[in-house]
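Just passing along the structure, written as structure tokens.
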Amino acid sequence: MTEQAGRAASNGLSVIVVDDEPDVAAYLAAVLERHGHTAITASTAAEGFDLAKKTRPDVVCVDIVMPEETGATLLRRIRADHDIGGTAVVFITALKREMIPVTPCSNGEPSVEPNAFIEKPPNADRFVEAVERAVREGRNAS
Amino acid sequence: MIESWIQTHLFEEIPEIMAVLDREYSVVKANRRFTDTFGEWHGRRCYDVLLRKSTRCRGCSVAQCFADGTSRTASANWTDKTGRHGHYVTRIVPIPDGNGSVTTHALVMATDITRCERLEREHQILFERVPCYVAVLDREFRIVRANESLRRTFGRKKGKLCHEVFKGSSVRCADCPALRSFEDGGVHTAGSVGLRKNGGSAFYVLTTAPLARRGEPIEHVIEIMHDVSDLKELQNDLVRERQFVAATIDQSFDGVVATNKRLRITVFNPAAENLLGITADQVVGTKQLELVYPELFLAVLRQGGTSCVLPETTIRAQGEDIPIRFAGVVVRDRDEILGTAGFLQDLRNVKRFEREMLDAERLAAVGQTVAGLAHGVKNILTGLEGGLYLVRWGLEDDRRDKLQRGWEMLDRNFDRITTFVREFLNFAKGQVPEVEATEPNDLVEEVAALFEEAAREKGVTIVTELEEGIPVANLDPEGIHKCLSNLVSNAIDACLLSEKGERRVVVRTRERNGRLEFEVEDNGCGMDYEIKRKVFTSFFTTKGTKGTGLGLLETKKVLQEHGGSVEIESSPGVGSTFRLILPRDRLPEPTAKDEDTTPGGESQ
């Protein structure tokens with residue numbers, strides 16, 4: 001996404017979409033963009049974390065099943081980070097929610113939960129709604 | 001005349017040893033027998049001649065004779081001229097002087113009793129020590145003599161009646177062999193049971209013989225009893241042992257068959273009857289070995305072998321080939337057969353169980369495939385949906401850039417789903433493996449040849465290390481070929497991702513512990529734990545949109561269909577080894593040609 005990086009104008013959210021499938025990331029970014037948000041994409045968890053540190057987005061949407069680091073790892077890294085620990089995280093996955101072993105952590109760290117789950121392939125409108133709600137609820141909670 | 005002959009010749013001719021000694025104990029006269037026995041005696045003392053001694057004996061009988069002038073009998077041990085010791089009975093008679101008042105000489109007469117004594121001793125030892133009970137009976141059937149063995153077993157019973165001693169009975173036995181020996185003077189034998197002094201039974205064979213020469217009146221009969229109690233006990237043990245073995249064989253779950261040395265069937269237990277569907281009556285006593293032994297064992301028997309273990313074979317019975325495990329022995333003494341035995345274990349249930357296990361594994365593989373399929377298809381669908389979304393956006397808002405991007409996305413994902421469906425159909429098509437006897441090394445040669453050219457162009461060398469003498473195996477050659485191709489293709493890709501100068505893929509075969517193994521090793525980029533964990537589950541690919549992730553899943557599926565498994569050793573930066581492991585005893589049967597075979601279906 002080259003259009004607009006960084007913070008969006010007025011009420012638009014800034015989003016990072018992380019998915020090892022470039023087309024999936026591109027699709028989700030396009031949906032967000034059409035609803036007035038700004039989205040940039042990353043194809044690995046590591047890249048997503050670096051971008052998040054750099055751009056301080058409102059929300060990170062991440063695929064769970066990826067080679068190398070998984071979405072769950074990225075979630076834990078974000079939550080553990082001093083600067084971006086409060087960022088909303090949404091899991092996008094082709095797997096059923098029950099099948100995802102997000103918690104507990106194998107190394108005894110406290111379990112972490114994402115702000116929302118969205119199943120693949122997402123309905124465009126519902127996806128945007130879920131992302132916006134996740135950010136809203138995250139802000140209310142903090 | 002006679003008087004004068006006696007005076008002149010008797011002394012010389014008498015068969016006794018005779019010598020005359022003077023009071024100095026010198027031999028003054030001796031007869032021929034004396035000279036023959038003891039040699040030269042002239043002028044020598046008696047103790048010198050008879051004992052090679054230089055002094056007179058203590059308690060010398062001759063000295064006593066000189067002292068009291070009376071005759072006496074004594075015994076003596078002397079040494080003859082050859083140095084042999086002998087035992088003698090002697091009679092010493094004083095010879096007085098002319099007026100009869102002084103004994104001037106002594107006559108010594110001796111009889112050699114050495115041989116008599118030896119015989120007596122032999123008899124004594126024989127009588128006492130022979131491992132039989134020996135008794136001498138008089139005409140009243142009283143025991144007048146009993147040997148040590150008899151005394152030990154029946155007690156000291158001298159003077160008692162024979163039947164009292166041996167049977168504790170007051171009347172004579174009905175068929176008494178001793179009585180018959182008394183009556184007819186012959187030797188008689190009979191078997192009998194006696195009562196030991198400790199209350200136990202003694203089984204013995206009894207022989208009686210008269211102790212008199214033929215024609216003489218029989219005063220005594222000798223009884224010799226040979227105890228066969230131990231033999232009897234062994235016989236009983238043997239019978240019990242046989243009964244135990246017979247019961248064990250009867251109750252055995254395995255079929256047990258045995259023959260005697262003439263190869264007639266002697267044992268055919270109920271389990272064998274069940275397995276082979278024939279009754280013992282039909283085969284016992286016959287030579288129909290082909291009905292009860294597998295052909296391979298009969299060959300061993302014909303070729304002079306001694307044993308044969310067939311972990312898996314079949315035997316023709318009741319119109320079908322029944323899978324069995326067989327162990328057979330031929331007991332031989334050099335070239336001679338003493339007997340044969342065979343143990344047949346019914347493998348039908350085991351086979352059925354194994355088949356069910358394989359089916360279950362196969363179903364599990366299908367389940368994983370379906371789960372993985374959902375993931376793979378969803379990704380592509382999302383891509384297609386994304387493309388549509390962008391196209392719609394482009395059309396609605398007249399945004400050409402969105403239209404362009406959306407079109408590219410549709411195009412790309414359309415290609416992907418086409419490839420995916422084609423490969424998935426191939427994957428699904430391979431459900432029924434065509435199994436045939438296959439040379440494992442040939443398969444590897446083919447695959448290596450297939451990739452050699454393409455690999456060389458990419459700077460990768462393919463090496464084969466094939467163990468010699470690997471037997472043919474029941475494999476689906478197409479399936480294994482596909483597996484090896486997948487692995488070699490992956491290995492080449494892994495090499496391309498590596499920075500190493502020499503890029504190598506090694507394909508190996510080996511036979512180890514009843515397992516056939518194929519190995520594909522590369523020195524490429526290797527895999528970390530996460531990737532290793534995932535390679536065989538679902539449609540995992542690290543090749544982005546270039547791979548469908550089906551290759552390794554397919555490899556795993558083919559291996560499972562062969563009853564085998566796949567192992568991975570890999571470390572990042574070092575390389576990976578994929579090993580296909582095929583236990584020989586789990587390999588499938590060759591596919592029957594022109595028959596409808598459904599995997600998992602019962603063939604009965």
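Just name the residue that is surrounded by the fewest Cβ atoms within 10 Å (Cβ to Cβ) out of those in region B:432-468 that are modelled with pLDDT of 90 or more and assigned to a loop (DSSP other than H, G, I, E, B).
Looking at the filtered set, the residue picked out is B:468.
Residues to consider are B:379, B:413, B:441; find the one that is within 14 Å of another protein chain (Cβ to nearest Cβ), in contact with a Leu (Cβ under 7 Å, 6 or more places away or on another chain) and of a type in the set (S, T, N, Q).
B:413
Can residue B:456 be described as assigned by TED's automatic domain parsing to the domain that holds residue B:517 and out of contact with any Pro (no Cβ under 8 Å at 6 or more places or on another chain)?
Answer is yes for this residue.
Where the second residue is surrounded by 23 or more Cβ atoms within 10 Å (Cβ to Cβ) and not β-branched (Val, Ile, Thr) and the first is within 11 Å of chain B (Cβ to nearest Cβ) and assigned to a loop (DSSP other than H, G, I, E, B) and lies in region A:19-40, which pairs have Cβ atoms under 6 Å and are six or more apart or on separate chains?
These pairs meet every condition: A:19/A:25; A:19/A:63; A:21/B:379.
I need a count of the residues in region B:28-40 that are touching a strand residue (DSSP E or B) at 6+ places or on another chain (Cβ under 8 Å) and within 20 Å of residue B:87 (Cα to Cα).
6
Has region B:282-295 got at least one residue that is of a type in the set (A, V, I, L, M, F, W, C), crowded, with 20+ Cβ neighbours inside 10 Å, part of a helix (DSSP H, G or I) and under 22 Å from the mean Cα position of the chain (by Cα)?
no
Still on this structure, I have one more. Answer yes or no: is there a residue in region B:106-125 that is closer than 19 Å to residue B:205 by Cα and free of Cβ contacts under 8 Å to residues at least 24 places away in the same chain.
Scanning region B:106-125 turns up no residue that is closer than 19 Å to residue B:205 by Cα and free of Cβ contacts under 8 Å to residues at least 24 places away in the same chain.
Consider only pairs whose beta carbons are under 6 Å apart and that are at least six residues apart or on different chains; among these, list those whose first residue lies in region B:315-337 and is in contact (Cβ under 8 Å) with a residue 24 or more places away in the chain and whose second residue is aromatic (Phe, Trp, Tyr) and buried (at least 16 other Cβ atoms within 10 Å of the Cβ).
Here the result reads B:328/B:297, each pair linking region B:315-337 to a residue that is aromatic (Phe, Trp, Tyr) and buried (at least 16 other Cβ atoms within 10 Å of the Cβ).
Could you tell me whether residue A:125 is modelled with pLDDT of 80 or more, among the acidic types (Asp, Glu) and in a loop (DSSP other than H, G, I, E, B)?
no
Still on this structure, I have one more. So is residue B:340 hydroxyl-bearing (Ser, Thr, Tyr) and either assigned to a loop (DSSP other than H, G, I, E, B) or within 16 Å of residue B:262 (Cα to Cα) (or both) or not?
yes
Looking only at region B:63-84, how many residues end up being of a type outside the set (Asp, Glu) and farther than 19 Å from residue B:45 by Cβ?
8
For residues that are outside any helix (DSSP H, G or I) and more than 9 Å from chain B (Cβ to nearest Cβ), tally how many sit in region A:41-62.
10
Which ones in region A:47-88 are surrounded by fewer than 23 Cβ atoms within 10 Å (Cβ to Cβ) and among the β-branched types (Val, Ile, Thr)?
Hits for region A:47-88 are A:55, A:65, A:70, A:73, A:84, A:87.
Just checking, does region B:58-71 include any residue being in contact with an Asp or Glu (Cβ under 9 Å, 6 or more places away or on another chain), closer than 13 Å to residue B:109 by Cβ and touching a residue at least 12 places away in the same chain (Cβ under 8 Å)?
No, region B:58-71 contains no residue that is in contact with an Asp or Glu (Cβ under 9 Å, 6 or more places away or on another chain), closer than 13 Å to residue B:109 by Cβ and touching a residue at least 12 places away in the same chain (Cβ under 8 Å).
Let me ask something else about it. Considering only region B:265-281, state which residues are small (Gly, Ala, Ser) and outside any helix (DSSP H, G or I).
B:277
Looking at B:578, B:540 in this structure, which one is outside any helix (DSSP H, G or I), within 24 Å of residue B:424 (Cβ to Cβ) and modelled with pLDDT of 85 or more?
None of the other options fit; the residue is B:578.
Which residue pairs have Cβ atoms under 9 Å apart, sit 6 or more places apart or on different chains, and have a first residue in region B:494-514 that is under 17 Å from residue B:438 (Cα atoms) and a second that is charged (D, E, K, R) and assigned to a helix (DSSP H, G or I)?
If the second residue must be charged (D, E, K, R) and assigned to a helix (DSSP H, G or I), the pairs left are B:511/B:584; B:514/B:584; B:514/B:585.
Tell me, please, whether a residue that is modelled with pLDDT under 85, assigned to a strand (DSSP E or B), in contact with a strand residue (DSSP E or B) (Cβ under 8 Å, 6 or more places away or on another chain) and surrounded by 17 or more Cβ atoms within 10 Å (Cβ to Cβ) can be found in region A:93-105.
The answer is yes, given that some residue of region A:93-105 is modelled with pLDDT under 85, assigned to a strand (DSSP E or B), in contact with a strand residue (DSSP E or B) (Cβ under 8 Å, 6 or more places away or on another chain) and surrounded by 17 or more Cβ atoms within 10 Å (Cβ to Cβ).
Name the residue, out of B:364, B:360, that is within 30 Å of residue B:416 (Cβ to Cβ) and either among the polar types (S, T, N, Q) or modelled with pLDDT of 65 or more (or both).
Every option except B:364 fails the conditions.
Sticking with this one: Looking at residue B:262 and the list (1) in a helix (DSSP H, G or I); (2) of a type outside the set (S, T, N, Q); (3) exposed (fewer than 12 other Cβ atoms within 10 Å of the Cβ), which single condition is not satisfied?
Here residue B:262 meets the rest and fails (1).
Which helices (runs of 4 or more DSSP H) does region B:131-187 wholly contain that include 1 or more residues that are buried (at least 18 other Cβ atoms within 10 Å of the Cβ) and out of contact with any helix residue (DSSP H, G or I) (no Cβ under 8 Å at 6 or more places or on another chain)?
Qualifying helices (runs of 4 or more DSSP H): B:148-154, B:177-184.
The values are calculated or read from the model by the stated rules, or taken from the named source; none is laboratory data. Every value quoted in this text rests on a predicted model; they were computed, and no experiment measured them. In this analysis, Cβ positions are derived from the backbone assuming ideal geometry, glycine residues included, and neighbour counts consider all displayed protein chains.
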